1. Accessible area per residue for the chain in Å², computed with a 1.4 Å probe and the full protein assembly in place, what is it?
2. Placing unit charges on C-beta atoms (Lys and Arg positive, Asp and Glu negative, everything else neutral), compute the dipole magnitude of the chain about its Cα centre in debye, rounded to 20.
3. Which is farthest toward the positive dipole end of the chain among GLY144, PHE117, GLY101, measuring Cα position about the Cα centre, with Cβ charges +1 (Lys, Arg) and -1 (Asp, Glu)?
4. Are there any trypsin sites (Lys or Arg not before Pro) in the range 41-97 that are in a DSSP loop and have at most 11 other Cβ atoms within 10 Å? List them by number.
5. Starting from the 7 Å offset along Cα-to-Cβ, what nm value, one decimal, do you get for the label separation of HIS118 and LEU49?
6. With a 1.4 Å probe and all protein chains left in place, how much of the accessible area of the range 44-167 comes from carbon and sulfur atoms, in whole percent?
7. Mean Kyte-Doolittle hydropathy of 0.5 or higher plus an axial Cα length of 15 Å or more: which whole DSSP H helices in the chain meet both?
8. Using only the alpha carbons of the range 1-149, what is the convex hull's orientation-averaged projected area in square nanometres?
Amino acid sequence: MSSDIITIEPIREEHIESFHKALDMVSRERKYLTFLEAPPLESTREFVLDMIEGGHPQVVAVMGGKVVGWCDIRRHARETHAHCGALGMGIIPGYRDKGLGKRLICAALELACERGFHRVELHVHADNPRAIALYDKVGFVREGVARDAVKIDGRFIDAIQMAVIFG
């Protein structure tokens, strides 16, 4: 396979270190995620292995053996909310605005639907129009705004709550 082809695939244990680096890179941009840096590698490893073992949808975009983006949907733990999952995603700089976000989210949503999710929800920073447009495009509906929900470097940011419901 050519190293310039980006594949979307379910995350595997061998992706963990590269996923951790991608998560850290996007986190340190201090504008898209609620992480300001990735959790320690061992915590990330535990998270990914739990996602795999628990059947939670998590896909990665891989190019040349390197994770350049991800999308995960974590099912809520409580029985009364177990039909719902929370979506998180990110793409490292240099790979954005190329349709990769849509490929990632569609793959993760397809897995969520196959695994019996009824609702997938997310919070997106209100100052991230690119992500909001993507979520709108794939069928997410705005449900509300959490005012001043995020504070990064002394600046408050609203979070838009969005969700998609299957069937």
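1. Numbers: 9070 Å² over 167 residues.
Result: 54 Å² per residue.
2. My answer is approximately 480 debye.
3. GLY144
4. ARG78
5. Between HIS118 and LEU49, the simple spin-label model gives 3.4 nm.
6. C and S atoms contribute 50 percent here.
7. Numbers: long enough: 16-27 (16 Å, 0.27); 41-54 (19 Å, 0.04); 100-114 (21 Å, 0.95).
Going by DSSP H runs, the hits are 100-114.
8. 9.2 nm²
The values are calculated or read from the model by the stated rules, or taken from the named source; none is laboratory data. As the structure is a prediction and not an experimental result, all values here were calculated from the model. Ideal geometry is used to build each Cβ from the backbone, glycine not excepted, and the neighbour counts take in all protein chains shown. Heads up: the accessible areas ignore ligands, DNA and RNA and are worked out on the full protein's heavy atoms, side chains in. Shrake-Rupley method; radii C 1.70, N 1.55, O 1.52, S 1.80 Å.
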